[in-house]
Amino acid sequence: MTSTLPAGKNHKVFADNYFTSVPLVQHLKERGIHYIGTIQINRVKDCAMMDEKELKKNGRGSMDFRVNQDNNIIVRWYDNKAVNLISSFVGIEPVGNVKRWDRKSKTHIMVPRPAIVETYNKFMGGVDLLDMLSALYKFSFRSRRWYMYIWWHTVTVAVINAWKLYRRDQKKLEPQMKPMGLRRFQALVGTSLTSAGKTKIKCGRPLSSPEATATPPRKRPSCSVPLDMRRDGIDHFPTCET
């Protein structure tokens, strides 16, 4: 995916532990492309770091890090569990704070957070949010044609992005109104798509054809007596002739 990126333009790549490895980080760095991502610790050779039990004993927010000869940093940070990250352009400084819920004290506490974690969450948060929203209202779908799964995933991503734009515009234009949820939004989109191009069914007796028009009203015979004579106020009796 990075083969099309121009070298030496200081592009930044963010990825999860499925792609991350130390040789990949160094290869991109040599091309002038920065990298940050989570990494499985078994992909890092000869890197002795504090294990999760030690970090847990030190409390939430504790961390350990190592820097190799290529100036790439690996950080292990403990929140609810240990997280391992590697980066070629950002380290642990400056260390900030993040609000977390403490189950023991049942209050919010401030937990130290290194800069590498803050940067990763800032740019990867949208990916995690998309995965969560995509899994909320999934429908059962089976097909032997593998490309159908790609098609429906593309449709799902488009609907979620449209819903996010709708919420943004709703907040700006009509902040007093409560925006509709994702499920309702998906239902309305589905109804609109399935109804597109169809003739609306009218109530009452159906017509013989869509082009049929209503029957013109029946013309009444015109009166032969002039209107001024009909309304002159003089009695008009029928004349009987033998």
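Could you sort out which of LYS9/LYS171; LYS45/LYS104; LYS53/LYS99; LYS56/LYS106; LYS122/LYS164; LYS99/LYS138 sit more than 26 Å apart by Cα distance in this structure? Mind showing how you got there, number by number?
Values: LYS9/LYS171 36 Å; LYS45/LYS104 37 Å; LYS53/LYS99 22 Å; LYS56/LYS106 19 Å; LYS122/LYS164 17 Å; LYS99/LYS138 32 Å.
The answer is LYS9/LYS171; LYS45/LYS104; LYS99/LYS138.
Fewest to most neighbouring Cβ within 10 Å: what's the order for LEU85, LEU188? Show your work: numbers first, answer last.
Details: LEU85 23, LEU188 11.
Ordered by Cβ neighbours within 10 Å, fewest first: LEU188, LEU85.
Relative contact order for segment 1-147: what is it in percent, counting Cα pairs under 8 Å that are at least 6 residues apart? Mind dumping the intermediate values first?
Numbers: 211 pairs, mean separation 25.7, N = 147.
In percent, rounded to a whole number, it is 18.
Per-residue counts of other Cβ atoms within 10 Å, averaged by peptide: what ranking do you get for 62-75, 41-54, highest first? Walk me through the numbers before you get to the answer.
Details: 62-75: 16.1, 41-54: 12.0.
Descending mean neighbour count gives 62-75, 41-54.
Any chance you could check the Cα centroid distance between segment 85-146 and segment 1-34 for me, in angstrom?
21 Å
As an exercise, use a Förster radius of 41 Å and the Cβ-Cβ distance of THR107 and ASN10 to find the FRET efficiency, rounded to the nearest 0.05.
The computed FRET efficiency comes out at 0.45.
Bear in mind these aren't lab numbers, they're just calculated from the coordinates by the rules spelled out. The structure presented is a predicted model; accordingly, all values stated were derived computationally and were not measured. Ideal geometry is used to build each Cβ from the backbone, glycine not excepted, and the neighbour counts take in all protein chains shown.
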